[in-house]
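Peer 1: Before I ask anything, here is the structure I am working with.
Here, each number is a calculation from the coordinates, and none is a lab measurement. Computed from a predicted structure; not experimentally measured. With ideal geometry, Cβ positions are generated from the backbone for all residues, glycine too; neighbour counts draw on all protein chains shown.
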Amino acid sequence: MNKLRLSSLYQLTVIRFFLIVREPEAIFWIFIFPILLAVGLGIAFRNRPADVLPVGATTTQLTQALAADKGLSATTLDPAAGTHALSTGNILLLAIQQPDGVTYQFDDTNPDARIARMLVDRDIQAAAGQHEAIHAQNQLVHETGSRYIDFVVPGLLGMNLMGSAMWGLGFAIVEARQKKLLKRLVASPMPRWQYLLSFILSRLVMLVIEVVAFLGFARLVFAVPFRGSLVQLAFLCVLTSLCFSALGLLVASRAKTMEAASGLMNLVMLPMWILSGVFFSASRFPAAIQPLVRALPLTAAIDAMRGNMLQGMSLGQLAAPVAILSAWLLLAFAVSLRIFRWR
Amino acid sequence: MTQTQIAPPPISRPSPNEATRAPSLLLRGLRKTFADVVAVDGLDLEVNRGECFGLLGPNGAGKTTTIEICEGLTDPDAGHVQLLGLDWRAAANQLRQRIGVQLQETQFPDKLTVEETLRLFRSFFHHGIPAEESIRTAQLEEKRNSRVGTLSGGQKQRLAMACALVGDPELLFLDEPTTGLDPQARRHLWDLVDALKQAGRTIILTTHYMEEAERLCDRVAIMDHGRIIALGTPQQLIASVGAEHIVEFAVSAHEPPAPGSAPGIAHGIVDAALLLAIPGVMSHRVDAGLHQLSVSELHTAVPRIFAALASQGLHLSEFRTHSASLEDVFVGLTGRNLRDE
């Protein structure tokens, strides 16, 4: 047998790998779940052709004026039926012929209804003989990179890296402590740094599989753009994973039971799921809490990945989020090594 | 307190420290307190090379704390620990290479196989035996490729033993190796320890089973409340009871004897003085209505005991005898049973 296979670092790392791969639930959460989530969100927020807005009119004359507009589907309704259709949401707007003109009935808090008001009014005015003051032309652009799926893929990637790193490290260590395995290992001549390093090494191997599978899927199915350098994106993924591994180690450094570890883990991750802009932009939160939001490692990770993938920014332009991630990594790692309980 | 030195059997393997002939284990004035509980209260102990030494005592006697201090897992509050002539503070890494440890309640990962687990532990040691050999020693050949989660309690315990053996240790610590096992698995493990003993390894084990200590150990220390209350070979300790047989009996009386009365005084209607007057009856005590006599010359004493009770007009409701055991040593020293937990 060769020397590598006899080395304790190799054995520790390989065994970590076996333990991950032999846990079917872990495989689901790490590989399948993010892809399912991306599929679900991709379907829910797919770019549809511009909506056709249903409207009603009280005379056939008005209906005819609207019939030519591809953005509208108009039906003729008497005022009573029209009001009912409006109140039940079957139409967005009812155009009522008046002796001295037209009245539009619609809900001005509904953006679609306001668009219908503009389209209907333009068509009716044109039918009555109004002409464009300036000739205008439309040029339609459907570009990838500005869709919701493009926005959400880096968010899901960041969230997935956080979850797999924190659970992968934190849970395994606390389980070993609870089952007294950690104590048994410490009673053997195992070098302790190798135990911790084996987690990092197996994490990095899993990371490659995890990131390639997820981003490959996003690329093939949704044609999500990669505008920045792939090497730099890989660096960001590794940095993110190490940062959350360190946080996982911190959470696991003293917890004695799985229950305590789960609680701590959720305490750390929940605010980031909400605040860090996985599903919508973190800049929507009030200015007062923005410094907090910006300081969270997941916000920094997702900002950096969006910057790389969607805007093609270089690491130099992403110095701020990279610095935040590095600071969290060093701080969490230093504190957890100091307070780690080996038994 | 009985204290004897037993010549260690010859060690079959050459040991690096043989020249110095330091004892395998030397404890002096060991003390450890957890919160307000004194777990180890001034312990002195010496274990020789090649000896199988047992720490016997009830749960909470301080056995595990003592053995974990020896294993370098717990720091003592005071006292001196020396293993193989080395100190934990000065030579922790070297010591971990040279001892084998089996802890209470270690759960190895369920999803690993026996062989993977042993390869992992083997990789920590510079020198040792191949994983295959430890599998053979622990008689786990058929389970080599089974996941740990599928093993029985006895097999898991043998795996723990195999993990302690892969480093070919000079000194082996076994903490309650058979607790929770069924009698058959226990006997199986005893055979394994026997084989290790024959191979000349120094073994230190804790147990609260007296028959285990009697069966396996060359010398035994009986612990109670963090102290060693008796030390010697099982035979010496049993001899200290004063007689080799124990007679237990109960009588049916008009009124039951008062519980908790001190031994040696007449209880209810049993006249202890009459019993103690019988040649061969060394002592008498009463525990919860059960009379206990330590007796030598069982064949002549028993008919006289019957006669003495009959002369008092008493009717026996229970009567049995057994050879004196370490249990009786413990009872004699503390007035409690080992398994009163």
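Peer 1: Given 0.36 nm per residue, what is the gain on full extension from A:R114 to A:I43 after removing their alpha carbon distance, in nm?
Peer 2: 22.9 nm
Peer 1: Next up: Which residue, B:I99, B:V37, B:V81, has the largest displacement toward the positive end of the dipole of segment B:18-114 when charges sit on each Cβ (Lys, Arg +1; Asp, Glu -1)?
Peer 2: B:I99
Peer 1: Along the positive direction of the dipole of the protein assembly as shown (beta-carbon charges: Lys, Arg +1; Asp, Glu -1; about the Cα centre), which of B:S240, A:A127, A:S7 reaches farthest?
Peer 2: The Cα lying farthest towards the positive end belongs to A:S7.
Peer 1: Mind checking B:125-132 for the average number of partner chain beta-carbons within 10 Å of each residue's beta-carbon?
Peer 2: Averaged over the peptide's residues, the number is 1.
Peer 1: Averaged across the residues of B:158-170, what count of C-beta atoms belonging to other chains lies within 10 Å of each residue's C-beta?
Peer 2: That works out to 1 on average.
Peer 1: To the nearest 20 debye, what is the magnitude of the charge dipole of chain B about its Cα centre, counting +1 on the Cβ of each Lys and Arg and -1 on the Cβ of each Asp and Glu?
Peer 2: 760 debye
Peer 1: By per-residue mean of other Cβ atoms within 10 Å, what is the highest-first order of A:77-83, A:282-288, B:58-64?
Peer 2: The packing order, highest mean first, is B:58-64, A:77-83, A:282-288.
Peer 1: Counting other Cβ atoms within 10 Å, which GluC sites (Glu not before Pro) in segment A:126-178 have at most 13 and lie in a DSSP loop?
Peer 2: Sites meeting the loop and neighbour criteria: A:E132, A:E143.
Peer 1: If amide hydrogens are placed 1.01 Å from N in the peptide plane, which non-local residues have theirs closer than 5 Å to the one on A:S73?
Peer 2: Distant-sequence amide H within range of A:S73: A:L53, A:V55.
Peer 1: Mind giving me the FRET efficiency for B:D191 and B:A307? R0 is 30 Å, r the Cβ-Cβ distance, nearest 0.05 is fine.
Peer 2: After rounding, the FRET efficiency stands at 0.10.
Peer 1: Quickly work out the B:I229-to-A:T257 label distance, labels modelled 7 Å from Cα along the C-beta direction, and quote it in nm with one decimal.
Peer 2: A separation of 3.4 nm, rounded to one decimal place.
Peer 1: When the dipole is taken about the Cα centre of segment B:137-259, and only Lys, Arg (+1) and Asp, Glu (-1) are charged at their Cβ, what size is it in debye, to the nearest 20?
Peer 2: Magnitude of the dipole: close to 520 debye.
Peer 1: Can you pull the mean other chain C-beta count within 10 Å for peptide B:73-82?
Peer 2: The per-residue average across the peptide is 1.
Peer 1: Also, I was wondering about something else. Could you tally the net charge around A:M313, taking each other residue with its Cβ under 14 Å from the Cβ of A:M313, Lys/Arg +1 and Asp/Glu -1?
Peer 2: Combined, the nearby Lys, Arg, Asp and Glu give +1.
Peer 1: Rounding to the nearest 20 debye, state how big the charge dipole of the protein assembly as shown is about its Cα centre with +1 on each Lys and Arg Cβ and -1 on each Asp and Glu Cβ.
Peer 2: Dipole about the Cα centre, nearest 20: 2020 debye.
Peer 1: Could you derive backbone 3J(HN,Hα) for segment B:169-185 from the dihedral phi with the Karplus parameters 6.51, -1.76 and 1.60 (θ = phi - 60°), listing whole Hz in sequence and x where the residue is Gly or Pro?
Peer 2: x, 7, 9, 10, 10, 10, 9, 6, x, 10, 4, x, 8, 6, x, 5, 5
Peer 1: Considering the options A:Q105, A:V39, A:T59, tell which one lies farthest towards the positive end of the dipole of segment A:26-184, charges being +1 on Lys and Arg and -1 on Asp and Glu at the Cβ, about the Cα centre.
Peer 2: The residue sitting most towards the positive pole is A:V39.
Peer 1: Same structure, new question: Mind checking which lysines have their C-alpha under 29 Å from B:K197, skipping anything on the same chain fewer than 8 residues away?
Peer 2: A:K180, A:K183, B:K63, B:K143, B:K156
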